[in-house]
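**Q** Submitted below is the structure of interest, expressed as structure tokens.
Read-outs throughout are calculated quantities, based only on the coordinates presented, and are distinct from any laboratory measurement. Because the structure is predicted, anything quoted here is derived from the model rather than measured. Glycine gets a Cβ as well: all are built from the backbone with ideal geometry, and neighbour counts include every protein chain shown.
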Amino acid sequence: MINYLDCRNEIDYKKLQEVADIIKQGGIVVFPTETVYGIGTNGLDSKAITQLYEVKQRPLNKPISLLVSSLKMIEAVTENISDMEYKLMEAFFPGPLTIILKKNKVVPDNLTNNADTVGIRMPDNIIARKLIEYANLPIATPSANISGKPSGTNIQDTIKDFGDKVDYYIDGGPSKLGIGSTIVKIEDNKPLILRKGSISEEQILEVINKSRK
């Protein structure tokens with residue numbers, strides 16, 4: 001049986017709270033973001049993260065990012081954030097940017113393939129942000145597709161991929177952007193673009209150059 005919540009025309013916030021509880025308990029949920037659909041679970045639960053890897057058929061050596069809803073949540077899972085990293089988050093959060101930050105000990109090692117960093121993004125989508133806010137924890141979220149297949153930009157594609165292996169599907173209509181987020185890491189006080197997305201390197205450099213003045 002497939003559990004489906006239609007939020008295309010109106011968001012049922014009470015139902016979203018129930019779905020957020022499923023995530024908090026380690027369940028797996030497909031939901032919209034402004035980039036592509038995500039498939040997520042409790043980002044602080046190593047068993048739930050292992051299950052997420054299995055459902056997505058994602059190689060264990062490919063880290064998964066965390067979606068957050070606030071700066072307070074970012075600071076709860078990371079440490080030693082630099083002024084430059086704060087400037088980038090101030091400029092582009094919420095939005096289609098993932099920034100690689102130094103994680104702290106509450107982040108499970110299997111989320112990051114034992115690396116000491118973690119990808120952080122604050123989505124510019126009210127459904128996604130409310131889910132995170134209601135769960136009151138970061139959601140481990142790769143794109144909603146079987147690894148190697150195109151990222152899901154509508155709920156129908158994700159249902160074809162995952163069927164009843166997911167606890168809940170939330171339909172927010174077609175993805176606004178349709179491409180994954182830009183991924184950036186600050187190294188030696190310079191931005192390194194790890195994946196191109198809708199936020200350009202020029203936009204990132206503009207923010208950084210302003211912060212240096």
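**Q** Just to be sure I follow the definition: excluding the sites themselves, where is the longest run in the chain that has none of the GluC sites (Glu not before Pro) in a DSSP loop with at most 15 other Cβ atoms within 10 Å?
**A** Here the longest run is 80-213.
**Q** Shifting gears a bit: Nearest-5 percent of antiparallel DSSP beta bridges in the chain? Let's see the in-between values first.
**A** Working: 18 of 29 bridges.
Close to 60 percent.
**Q** Under 5 Å between amide H atoms, partner at least 5 residues away or on a different chain: which partners does residue 170 have, H built in plane at 1.01 Å?
**A** Correct list: 5, 30, 31.
**Q** Here's something else I'd like to know. Rounding to the nearest 10 and keeping the result within 0 to 90°, find how far the Cα-based axis of helix 201-212 lies from the longest principal axis of the chain.
**A** Taking the Cα atoms of the chain, the angle to 201-212 is about 50 degrees.
**Q** While we're here: Pairs 105/185; 56/185; 47/105; 72/165; 103/196; 72/190: which exceed 27 Å Cα-Cα?
**A** 72/165
**Q** Turning to a different aspect of this structure: Per residue and in Å³, how big is the convex hull formed by the alpha-carbon atoms of the stretch 4-212? Mind showing how you got there, number by number?
**A** Numbers: hull volume 22.2 nm³, N = 209.
Taking only Cα atoms, the stretch 4-212 has a hull volume of 106 Å³ per residue.
**Q** ³J(HN,Hα) across the stretch 43-49 via Karplus (A = 6.51, B = -1.76, C = 1.60, θ = phi - 60°), whole Hz, x for Gly/Pro?
**A** Running phi through 6.51 cos²θ - 1.76 cosθ + 1.60 with θ = phi - 60° gives x, 10, 10, 5, 5, 5, 5 Hz.
**Q** Could I ask something else about it? Can you sort 88, 60 from fewest to most other Cβ atoms within 10 Å of each residue's own Cβ?
**A** Numbers: 88 22, 60 11.
Going from sparsest to densest Cβ surroundings: 60, 88.
**Q** Here is a further query. Over the Cα atoms of the stretch 114-213, what radius of gyration and what Dmax do you get, in Å?
**A** 16.3, 53
**Q** Would you mind working out the magnitude of the charge dipole of the stretch 4-212 relative to its Cα centre, with +1 at each Lys and Arg C-beta and -1 at each Asp and Glu C-beta, to the nearest 20 Debye?
**A** Dipole size: approximately 260 debye.
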